[in-house]
Each structure stands twice: as structure tokens, then as C-alpha cells.
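*Asks:* Can you read through this structure? Questions will come right after.
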Amino acid sequence: MSIWEYANPKKFMQTSAWALPWVSGLSVILLGVGLVWGFFFTPDDYKQGATVKIIYLHVPSAMMAISAWFMMLAGSLIWLIRRHHVSALSAKAAAPVGLTFTVIGLVTGAIWGQPMWGTWWAWDPRLTSFLILGLFYLGYIALWAAVEDADTAADLTSVLCIVGSVFAFLSRYAVLFWNQGLHQGASVSVVQGSDQVSNVYGAPLLVCVTGFVLLFVTLVLLRTRTEIRARRIKALIARERAAA
Amino acid sequence: MLTVQDLCVARGGVAVLEGLGFTLSPGKVLILRGPNGAGKTTLLRTLAGLQPALEGQVQADPETVTYSGHADGLKATLTVAENLAFWASVHGQTTIEPAIVAMNLLALRDRRAADVSAGQKRRLGLARLMVTGRKVWLMDEPTVSLDAASVALFGAMLRAHLGQGGAAIVATHIDLGLPEAEVLDLTPFRARQKRQGAFDEAFA
Amino acid sequence: MRALLIRDIRLAMRAGGGFGLGLAFFLMVAVLVPLGVGPESALLSRIAPGILWVGALLACLLSLDRMFALDFEDGSLDLMAVSPLPLEGVAAMKALAHWLVTGLPLVVISPVLGLLLSLSPAGYVWLVASLALGSPALSLIGAFGAALTVGLKRGGLILSLIVLPMYVPTLVFGAEAVRRGAAGTDALVPLLFLAAISLGCAAILPFACGAAIRANLK
């Protein structure tokens, strides 16, 4: 059986109906464990105090904000190449989720930044790129909402997503060029650096990140199912009208 | 020049016509008939390659086909001659005189398109077909806002085009004075709704 | 394709074509900013590069929604799609016409506005150079936004929502080049980046525009 069979709307509805309780349940458990562990059972940082614990929300949502865009890019490419409707609809479904994660990332960042840097907002490259990412999400969502014909909307937003990715990437480097910034380096990375998160925080953080990933999957599955149902309803109405 | 096989066309994702098949040969004109909303415009746009067919095939060399829709593609601030010259050069043609003469636009040549009447604009839009140098004309309600004399003018232009080995498909309700024209009534080809429960109808 | 370019420029020059609107807007920005932030020339000189670039960018944005919409409404775009012109070529020519009518005049007038904003003398060359190299990217990115929104009834707002984030790299490198030039430091690097963006846009975006227009005509 080819993997593309899961792109059939009917098959997708069946599979996602089966998977949703597991994914969502696991996400709730992991988030519960990770957040409680992180908030109550890790020591305060010697420099940052208890403020550091916002990391359990800040880092995962920031990671998911970027990952969501990559998922939309993949969905858009699959739609343009293979024209699977589920792929286009899942990209549509992921956009508001990604935007929300972006906003959470920015807000928790501001709450973290205020005691640390003494300011809610600074035109730091990382913050600025995130804000710009949010703008790209807004444009993408607005275009989906504005175009009436569903397939045309999918075509246009897919092209926008691909071109937008190039420009978002460029913006990231343009902004780095523009201002070197305050923000610490990436908190989690494969290469061991000196400014890394210590293991005490690392384990619960990893649990939280996994929880956020599953939360994202849950939300995207749910929203994709909604989009599919909305399409079915629209087709039903069109058929009733044509029959009348 | 243009062959259609088992064609199904859709408007806004909903099939409107299905099972269409015909062949257009040089010197022939096909008149499309059917009530409003039957899918005449959709069919013509599909034949012109402006929108994809839901099923079936249109076989035609895209370099031979031209289209004339409800809007004439005229710029109000350009003169009649400038408008025609633009479309001529887009199609790699140089002369616009025969078209101006055929649609009786000589007196309006240097008038801005904004300053001519609706019927005159339409004549200009039809003259545009001649300057494309293409063989297959797809026309959507070409006689809208034309008076009787202009309709006769159009009929003569169309006959001359057919005489030179051209062909045309015209969606129209009025008699163009072409007794040899074939008439295709679209009513029998109206798309039947897919049977209930066919799930993927939403994802055509 | 040359016929299309000539037609578009001619249309822009004739009555109601909107030639000069962007220019007038650019002038307004340069006049309003000092009225807003105060006449102190040291401050103006410091913010001049940014103001001039943001002004140019917004002036470009003004006329974008007409780029394809007018041709869409009067049926020209349908007819072009059926004609031998490739839609990619149509988009490229439209962007070129937009640049010639909107971008180029901005480049030409920018030194005068630099004067109004007391740009430091070393900055003028870089201002003209950066606008000359960067404004083609503004027109091309704008053409892409216009192509995406051509079928929409009120596409103007969404057009700006889509286009403005994509203007970020151009704006950053453009204003940075002028800022560095005015300060007398090395401004060549941002200028080269700017040229790279314009060339990249010219190479890629016409194809994206073509795809978007084709989807919109369906």
C-alpha cells in the first residue's frame, strides 16, 4: 500500500479518527508531566531565578512556530505536485496554529525578557524575525480567507507559501545583518555549545517539546477534519442547488 | 481543427456539462444554444484553454485558437487603432487595415475607446479577432449590443473567415444569417448529479 | 512583449493612468516626517536613510493593485492568456513597466528628498545607487502580490499584507547601504545583497506570477 493512500480524504478521516484520541491523550499527559516537572521539581537558576522556568513554554512554542511553517511548505509542495486535497487543507489548518505558537513565543519571550533584559521588547534579530514570521502567517491566512474557490485558494496559497519561505529565510539573514542582538543562542541544539541549557532543565524541556509536537499534530488533525467536513457541506449545498 | 472527446466541464468545482463530443473542421461554424447557466461560457473558456476540463480532452493546437468573451479587452484611453495595433503585434501580425474596414471602424480610427458607443466597442472587440490571424474563433455572445446592420457586418466577416479556411464556435441566440451553420443544443449534455454517497465529490 | 511594455507605459502616461501619484506620495512622506519629528537637522539626517527607503517602498505599493486588476476586469488578461505571450513574460513586462513608471522616477527624485531630510553629503551616491538596484525588486515582489490577488474584489489590503513582509530584506539592505554610506563606512556589501535580491527576484518571481495568474483565471 502506498503512503499516498492516506491522502485520500475518506481514508484520512478514518485514520485520523482512530489516531486522534491517542495523539491528543499522549500530548496532554506529556505536557502535564513536563510542565509540572519543570515548574515544581527543578531548581531555580543561579542567575535567572524562577523566571527561567518559562523556558518550558517559550522554547517549545518557538520551535513549533517554525516547524509549522515547514509543515505548510511540505503540504503546499505536495498539493502543487500531486494535487492531494488533504495536503492543501492540512497546510491551511496548520497556519492559525503556527500563528498562535508564534504569538505564544513572542508573549512568553516578552515576559521572560522584562526581568532579564529590563525590557518587554527589543529589536533583537531573533525577536524581529519572529515578528516577521508572524506577518507571513497573517498574509497566508488572509489569502486563504479571501479567495472563494477552494482549489484556486489552495493553488495561490501554495505558491505564496513557497515564495514566502524564500523571503522569510532571506529576512532572517537580513535581520541578522541589521542588528546582532541580545538574545542568547539556541537553547537546544545538536552541537554542544557553551551557552546550552543544563541537563537539569533539559529533560523536562524535552518532554515539553514532545508534548508540544503532539499538541500541534492534534490541532492540525482536528482542523483538517473540520476543513474536510466544511468542503463536504459546501459540495452538498452546491448539489442541492444544482438539483433544484 | 478542434476535436472534443467525452468532455466534462465544471464551473466553481461543480460539473455543468458532460459527455460532450464534436469535431470542428475548416470552414465550419458551430452554434451553441442553451438556456442561461447551461455552461456555454464555461465550455468556451475550457476550449480556449483558460480552465481545465474536469474529464475528457480538447484536441487543438493552442496556436490556432482565439477567444472573445463578454469583455473585449479594450483600453479606454487608447484609440481604436491603438487598441487593435496592440493585439495585432501581440499575435505577431502587422496589418490592422482589413479588420478596420471589415467592421466599419474607419471613421472611428483615432477616437479613444472611451468615446465610442457600446455597439461600436463591440465591433472593435470583434475586429480584434481578425488581427490575431488565428483560425479557430471561440465567441461568447458576440452580437450583444450590436444593431441589425452591425450583425450583418459581423456575419459577413465571419463568412469571409470561414471562406479562408477558418472555423468558429459561437454561443448566440440570434440568427447570424449563416444557413450552413451547425447547431449544438447543450441541454441534453447537462451534467447529472453524481449518485448519493459518492464521497469524493467534494474533492473533484 | 515589447508591444505590451509600450502599451502599459502609454496607459500610465495618459489621463487617469496614475503616473506621478507614487512620486507625489514620496514627496508627501518626506515633507510630513520632519513636521512630525521636528526640524532638528541632526535627527533628520540620522533617520533620513530609513525614511527615504520606507517612503519609496510605500510609494511603490500604492500603484500595485492596478498592475493586473485592470487587465483582469476588462478581459485583457484572458485574451493574453490565449495569445502567444507566455504569462510569465506578461508578468515580467508588467513589473518592468511598473518599475519604469514608478520606481525609476523615485530614484531620480530621491536626492532632492534627501536634501529635504538633510541626508549627509556622502549618502547621496549610495541613496541613488541603492534605490536604483533595489526598486526593481520592489516592483517584482509587488507583481507577485498583485498576481496572487488579481481575482479578489478588494484585493488592495490583502495585497499589502502579503507584499510588505516580503519587502523586509530589500528594505533592510537598502536602508543599511544608505546608512553606512552616509556614515562613511563600507556600504558595498549591503548594496551587493540588494543587487542579488533584485536579480534573484527577476529570475524567479515571473514564474510564480505566471502560476498565480493561471490559477486566478480558472
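*Asks:* Take the residues in region C:1-39 that are out of contact with any helix residue (DSSP H, G or I) (no Cβ under 9 Å at 6 or more places or on another chain) and either among the hydrophobic types (A, V, I, L, M, F, W, C) or at negative phi (or both), then tell me which one is modelled with the lowest pLDDT.
*Replies:* So the first thing to find is which residues in region C:1-39 are out of contact with any helix residue (DSSP H, G or I) (no Cβ under 9 Å at 6 or more places or on another chain), and the list is C:14-16, C:32, C:35-36, C:39.
Next, only the ones that are either among the hydrophobic types (A, V, I, L, M, F, W, C) or at negative phi (or both) stay: C:14-15, C:32, C:35-36, C:39.
Details: C:14: 85, C:15: 72, C:32: 94, C:35: 94, C:36: 94, C:39: 90.
For region C:1-39, the residue satisfying everything is C:15.
*Asks:* Run down C:142, C:181, C:174 and say which single residue is touching a helix residue (DSSP H, G or I) at 6+ places or on another chain (Cβ under 8 Å), within 14 Å of residue A:177 (Cβ to Cβ), more than 9 Å from chain A (Cβ to nearest Cβ) and surrounded by 24 or more Cβ atoms within 10 Å (Cβ to Cβ).
*Replies:* Going through C:142, C:181, C:174 in turn, the sole match is C:174.
*Asks:* On the given criteria, is residue C:59 closer than 23 Å to residue B:78 by Cβ and either assigned to a helix (DSSP H, G or I) or of a type in the set (Lys, Arg) (or both)?
*Replies:* no
*Asks:* If you don't mind, another one. Answer with yes or no whether residue C:211 is at the interface with another protein chain (Cβ under 8 Å from one of its Cβ atoms) and either of a type outside the set (A, V, I, L, M, F, W, C) or in a helix (DSSP H, G or I) (or both).
*Replies:* Answer is yes for this residue.
*Asks:* With the checklist (1) in contact (Cβ under 8 Å) with a residue 60 or more places away in the chain; (2) away from chain B (no Cβ under 14 Å) in hand, flag the one item residue C:111 doesn't pass.
*Replies:* Result: residue C:111 passes all but (1).
*Asks:* Which one is nearest to the other protein chains (Cβ to nearest Cβ), of the residues in region B:43-95 that are part of a loop (DSSP other than H, G, I, E, B) and hydroxyl-bearing (Ser, Thr, Tyr)? It would help to see each step written out before you state the result.
*Replies:* Step one: list which residues in region B:43-95 are part of a loop (DSSP other than H, G, I, E, B), which gives B:48-54, B:61, B:69-78, B:91-95.
Going one step further and asking which of them are hydroxyl-bearing (Ser, Thr, Tyr), we end up with B:77, B:94-95.
Numbers: B:77: 4, B:94: 11, B:95: 14 Å.
Checked region B:43-95; the qualifying residue nearest to the other protein chains (Cβ to nearest Cβ) is B:77.
*Asks:* In this structure, does residue A:42 turn out to be over 23 Å from the mean Cα position of the chain (by Cα) and closer than 21 Å to residue A:103 by Cα?
*Replies:* When the stated conditions are applied, residue A:42 does not pass them.
*Asks:* Also: For residue C:30, work out the one condition from (1) farther than 17 Å from residue C:145 by Cβ; (2) over 20 Å from the mean Cα position of the chain (by Cα); (3) not β-branched (Val, Ile, Thr) it doesn't fulfil.
*Replies:* For residue C:30, the failing item is (2).
*Asks:* While we're on this one: What is the one condition in (1) surrounded by 15 or more Cβ atoms within 10 Å (Cβ to Cβ); (2) at pLDDT 80 or above; (3) farther than 22 Å from residue A:112 by Cβ that residue A:17 does not satisfy?
*Replies:* (1)
*Asks:* Any residue that is β-branched (Val, Ile, Thr) and either facing chain B (nearest Cβ under 9 Å) or farther than 16 Å from residue C:116 by Cβ (or both) - is there at least one of those in region C:86-96?
*Replies:* Looking only at region C:86-96, we keep the residues that are β-branched (Val, Ile, Thr), and these are C:90.
Checking the rest, the ones that are also either facing chain B (nearest Cβ under 9 Å) or farther than 16 Å from residue C:116 by Cβ (or both) come to C:90.
Yes: one or more hits.
*Asks:* Let me ask another. Could you list, ordered by first residue, the pairs with Cβ atoms under 8 Å in which the first is in region C:1-29 and within 12 Å of chain B (Cβ to nearest Cβ) and the second is in a helix (DSSP H, G or I) and of a type in the set (Phe, Trp, Tyr), at least 6 apart or interchain?
*Replies:* Between residues of region C:1-29 that are within 12 Å of chain B (Cβ to nearest Cβ) and residues that are in a helix (DSSP H, G or I) and of a type in the set (Phe, Trp, Tyr), the close pairs are C:3/B:86; C:4/B:86; C:7/B:86.
*Asks:* Take residue C:189 and tell me if it is modelled with pLDDT under 95 and more than 7 Å from chain A (Cβ to nearest Cβ). Steps first, please.
*Replies:* Working: modelled with pLDDT under 95: yes; more than 7 Å from chain A (Cβ to nearest Cβ): yes.
Taking the combined requirement at face value, the residue satisfies it.
*Asks:* Within region C:122-139, work out how many residues are over 15 Å from residue C:196 (Cα atoms) and either surrounded by fewer than 24 Cβ atoms within 10 Å (Cβ to Cβ) or aromatic (Phe, Trp, Tyr) (or both).
*Replies:* Summing the residues that are over 15 Å from residue C:196 (Cα atoms) and either surrounded by fewer than 24 Cβ atoms within 10 Å (Cβ to Cβ) or aromatic (Phe, Trp, Tyr) (or both) in region C:122-139 gives 5.
*Asks:* Let me ask something else. For region B:8-42, give me the residue count where each residue is outside any strand (DSSP E or B) and either closer than 15 Å to residue B:182 by Cα or within 14 Å of chain C (Cβ to nearest Cβ) (or both).
*Replies:* 9
*Asks:* Show me the strands (runs of 3 or more DSSP E) found entirely inside region B:123-204 where at least 2 residues are modelled with pLDDT of 90 or more and among the small types (Gly, Ala, Ser). First the steps, then the outcome.
*Replies:* On the way: elements: B:136-140, B:167-171, B:182-185.
Result: B:167-171.
*Asks:* Conditions first: (1) without any contact (Cβ under 8 Å) to a residue 60 or more places away in the chain; (2) more than 20 Å from residue A:89 (Cβ to Cβ). Residue A:14 passes all but one, so which condition is the exception?
*Replies:* Here residue A:14 meets the rest and fails (2).
*Asks:* Could you check region C:81-108 and list, in sequence order, the residues that are in contact (Cβ under 8 Å) with a residue 12 or more places away in the chain, part of a helix (DSSP H, G or I) and either more than 26 Å from residue C:161 (Cα to Cα) or among the hydroxyl-bearing types (Ser, Thr, Tyr) (or both)?
*Replies:* Start the filter on region C:81-108 by keeping residues that are in contact (Cβ under 8 Å) with a residue 12 or more places away in the chain, which leaves C:81, C:85-107.
With part of a helix (DSSP H, G or I) added as a condition, the list becomes C:81, C:87-107.
Hits for region C:81-108 are C:81, C:102.
*Asks:* Restricting the search to region B:131-150, which residues are surrounded by fewer than 19 Cβ atoms within 10 Å (Cβ to Cβ) and more than 14 Å from every other protein chain (Cβ to nearest Cβ)?
*Replies:* B:145, B:147, B:148, B:149, B:150
*Asks:* Among the numbered criteria (1) modelled with pLDDT under 95; (2) part of a helix (DSSP H, G or I); (3) of a type in the set (A, V, I, L, M, F, W, C); (4) closer than 20 Å to residue A:61 by Cα, which single criterion is violated by residue A:120?
*Replies:* Of (1) modelled with pLDDT under 95; (2) part of a helix (DSSP H, G or I); (3) of a type in the set (A, V, I, L, M, F, W, C); (4) closer than 20 Å to residue A:61 by Cα, only one is false for residue A:120: (2).
*Asks:* Also, quick follow-up: Give the residues of region A:223-241 that are buried (at least 16 other Cβ atoms within 10 Å of the Cβ) and of a type outside the set (Lys, Arg), sorted by residue number.
*Replies:* The answer is A:224, A:227, A:228, A:235, A:238.
*Asks:* All but one of (1) farther than 23 Å from residue A:167 by Cβ; (2) crowded, with 17+ Cβ neighbours inside 10 Å; (3) away from chain B (no Cβ under 14 Å) hold for residue C:75; state the number of the condition that does not hold.
*Replies:* (3)
Residues are listed down the side, and each one gets a yes or a no for (1) within 14 Å of the chain's Cα centre (by Cα); (2) closer than 25 Å to residue B:174 by Cβ:
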position	(1), (2)
B:95	no, no
B:109	no, no
B:131	no, yes
B:138	yes, yes
B:142	yes, yes
B:147	no, yes
B:153	no, yes
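*Asks:* Further question on the same structure: Residue A:81: in contact (Cβ under 8 Å) with a residue 40 or more places away in the chain, surrounded by fewer than 23 Cβ atoms within 10 Å (Cβ to Cβ) and aliphatic (A, V, I, L, M), yes or no? Steps first, answer last, please.
*Replies:* Numbers: in contact (Cβ under 8 Å) with a residue 40 or more places away in the chain: no; surrounded by fewer than 23 Cβ atoms within 10 Å (Cβ to Cβ): yes; aliphatic (A, V, I, L, M): yes.
Here the answer is no, as residue A:81 does not meet what is asked.
The values are calculated or read from the model by the stated rules, or taken from the named source; none is laboratory data. Remember, it's a predicted structure, so these values are computed and weren't measured experimentally. Here the Cβ is made from the backbone with ideal geometry for all residues, glycine too, and neighbour counts use every protein chain on show.
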